[in-house]
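Below is one structure, written out as structure tokens; the observations come after it.
The values are calculated or read from the model by the stated rules, or taken from the named source; none is laboratory data. Small disclaimer: the values here were computed from a predicted structure and weren't measured. Every residue, glycine among them, receives a Cβ derived from its backbone with ideal geometry; neighbour counts consider all protein chains shown.
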Amino acid sequence: MSILMSWRCSMNGWDEGILQQGHREFLSFIHMNSGEPMRRLCQQFICLSNTTFDGSRLSGREQTIEEMYSVPESFLEIEVRNPQTHGFGRKMFTDYEIVCRTNIPAFKLRHSSVRRRYSDFEAFRDILERESSRVNIPPLPGKVFTNRFSDEVIENRREGLERFLSIVAGHPLLQTGSKVLCAFLQDPGWDKSQWV
């Protein structure tokens with residue numbers, strides 16, 4: 001997302017073609033509910049966001065078909081799917097397939113598929129927290145103690161684990177600074193005991 005700063009805007013003269021609704025509301029709120037220094041700052045700077053990479057929307061020309069449908073400069077897709085329950089009695093557990101597709105150089109493979117169980121996610125999260133003190137690591141979906149192998153519980157957990165991984169894997173500081181991130185997402189032989 002491109003961010004442009006505009007000196008020419010005042011609170012009276014919105015550039016409707018470019019400024020998105022959310023930005024207008026936010027800046028209006030700040031302008032109306034702040035002291036004079038903040039009002040002046042709002043009058044001098046307005047953040048404009050552009051949803052295209054090349055700025056074509058700002059230059060007034062339409063995107064070409066190639067621009068719309070070509071592979072983005074960098075992409076990362078994380079999918080948690082295909083939960084499988086193994087074992088019997090107290091030894092039962094469910095693991096999940098993690099599919100990662102990316103062209104980000106920090107990742108060793110463009111496409112990978114590994115299986116991880118919930119306890120692996122817990123260990124991964126703990127390692128990330130120790131490794132990355134500058135990044136707030138989001139919580140995992142909570143532990144379930146009753147009906148934990150029901151389809152509904154497994155699906156809810158799968159969705160929560162996918163959200164967790166999408167946030168963590170998409171964080172630029174973790175992509176470049178974490179040693180465990182790529183290994184967890186892409187190494188089929190990943191073992192939490194190697195990282196403790």
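Before we move on, is Asp187 of a type in the set (D, E, K, R) and more than 18 Å from Cys100 (Cα to Cα)? Taking the combined requirement at face value, the residue does not satisfy it. A search for C-beta distances below 9 Å between a residue of the range 145-174 that is not assigned by TED's automatic domain parsing to the domain that holds Phe93 and surrounded by 15 or more Cβ atoms within 10 Å (Cβ to Cβ) and any residue that is part of a loop (DSSP other than H, G, I, E, B) and among the hydrophobic types (A, V, I, L, M, F, W, C), counting only pairs 6+ apart in sequence or on different chains, returns nothing.
Applying the condition of being out of contact with any helix residue (DSSP H, G or I) (no Cβ under 7 Å at 6 or more places or on another chain) and part of a helix (DSSP H, G or I) to the range 176-187 and asking which residue is surrounded by the most Cβ atoms within 10 Å (Cβ to Cβ) yields Cys182. I want to confirm something. Restricting to the range 59-98 and keeping residues that are within 30 Å of Arg117 (Cα to Cα) and among the aliphatic types (A, V, I, L, M), which single residue is surrounded by the fewest Cβ atoms within 10 Å (Cβ to Cβ)? Looking at the filtered set, the residue picked out is Met92.
A quick yes/no check of all residues on (1) closer than 16 Å to Asn82 by Cα; (2) out of contact with any Ser or Thr (no Cβ under 6 Å at 6 or more places or on another chain):
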{"site": "Ser119", "(1), (2)": "no, yes"}
{"site": "Ala123", "(1), (2)": "no, yes"}
{"site": "Val144", "(1), (2)": "no, yes"}
{"site": "Phe149", "(1), (2)": "yes, no"}
{"site": "Glu152", "(1), (2)": "yes, yes"}
{"site": "Arg158", "(1), (2)": "yes, yes"}
